[in-house]
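Reviewing the structure listed below.
The values are calculated or read from the model by the stated rules, or taken from the named source; none is laboratory data. Please read these numbers as outputs of a predicted model, since none were measured by experiment. Here Cβ is always computed from backbone atoms with ideal geometry, including for glycine, and neighbour counts include all displayed protein chains.
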Amino acid sequence: MSKYTLSALVLATLFAGSLGLTACSSNAEKTANATNSQLDDRAKLMRDWRQANESMKAMIENPASFDAAAFKERADFIAKTADTMWPYFEGEVSKGGDAKDTVWTDAAGFKAKADEFTAAAAALSAAAANATSAADVEQLYKQMASSCGSCHKEYKN
Ligand code: HEC
């Protein structure tokens, strides 16, 4: 291998390395922009909650369609991801979207709503473990669902 070929190889390696670095730093910029990722992550999780909630609602409204395993899966999903949701609202940097400013100016009130919801979701998930009919979970389902609405009423545009 001639000297020239070797230095061409070295150059090519260096060049590839710097391309790699460029790709990394543009990803780092995206991650550093916490506003976007917190907003995107919470909107996505809220939409997943809506889907799970709608599926449970349909079973409550039509008890003949009650599927204990499916209901439990939806209830568990919401209960297990509740603690994941609230950090997406932490810090001034996460302001925006359809969230009212009161999420941050009345942080204690928002936390109280979040805690109330998290407890309602845990209670529903516990009841769902032994439910054999819609009647077994109806009350706790309604409490959980109304807790979505009561937070939206105060903290979402
Ligand atoms: C403690 C407060 C709180 C609770 C509880 C809550 N949400 Fe939300 N939700 C919000 C806020 C605030 C927003 C606006 C977020 C944003 O736009 O960045 C929102 C946004 C949403 C959105 C719109 C997402 C999008 O596409 O932008 C949906 C759908 C939603 N929530 C469904 C639910 C469901 C279903 C539940 C209950 C299972 C629930 N939420 C519980 C506060 C809450």
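Looking at N33, is it closer than 29 Å to S133 by Cβ, of a type in the set (S, T, N, Q) and either surrounded by 14 or more Cβ atoms within 10 Å (Cβ to Cβ) or at pLDDT below 50 (or both)?
On the way: closer than 29 Å to S133 by Cβ: no; of a type in the set (S, T, N, Q): yes; either surrounded by 14 or more Cβ atoms within 10 Å (Cβ to Cβ) or at pLDDT below 50 (or both): yes.
So N33 fails the test.
Got a sec? Which of T105, T81 is surrounded by 11 or more Cβ atoms within 10 Å (Cβ to Cβ) and of a type outside the set (K, R)? Lay out the reasoning, then the answer.
Details: T105 fails: surrounded by 11 or more Cβ atoms within 10 Å (Cβ to Cβ).
Checking each option against the conditions leaves just T81.
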* **Filter result (surrounded by fewer than 18 Cβ atoms within 10 Å (Cβ to Cβ) and among the hydrophobic types (A, V, I, L, M, F, W, C)) within the range 61-76** => A64, A68, A69, A70
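So which residues in the range 105-148 are hydroxyl-bearing (S, T, Y), more than 15 Å from D76 (Cα to Cα) and either within 9 Å of the ligand (Cβ to nearest atom) or over 21 Å from the mean Cα position of the chain (by Cα) (or both)?
Our first condition is that a residue be hydroxyl-bearing (S, T, Y); within the range 105-148, this holds for 105, 118, 125, 132-133, 141, 146-147.
From what is left, the residues that are more than 15 Å from D76 (Cα to Cα) are 105, 132-133, 146-147.
T105, T132, S133, S147, listed by residue number.
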* Pick out the one residue from D83, D98 that is within 8 Å of the ligand (Cβ to nearest atom) and either out of contact with any helix residue (DSSP H, G or I) (no Cβ under 9 Å at 6 or more places or on another chain) or under 19 Å from A43 (Cβ atoms) (or both). => D98
* Just for the range 76-119: of the residues that are assigned to a helix (DSSP H, G or I) and charged (D, E, K, R), which one is farthest from E154 (Cα to Cα)? -> D76
* **Residue count for the range 54-72, restricted to those that are farther than 17 Å from S125 by Cβ and either touching a Ser or Thr at 6+ places or on another chain (Cβ under 9 Å) or of a type in the set (A, V, I, L, M) (or both)** => 3
* Between residues in the range 130-154 that are closer than 12 Å to I60 by Cβ and of a type in the set (S, T, Y) and residues that are away from the ligand (no atom under 11 Å from the Cβ) and assigned to a helix (DSSP H, G or I), which pairs lie under 8 Å by C-beta distance while being six or more apart or on different chains? -> S133/P63; Y141/I60
* Structure fact -> A careful count of residues in the range 132-157 that are crowded, with 20+ Cβ neighbours inside 10 Å and not in a helix (DSSP H, G or I) gives 0
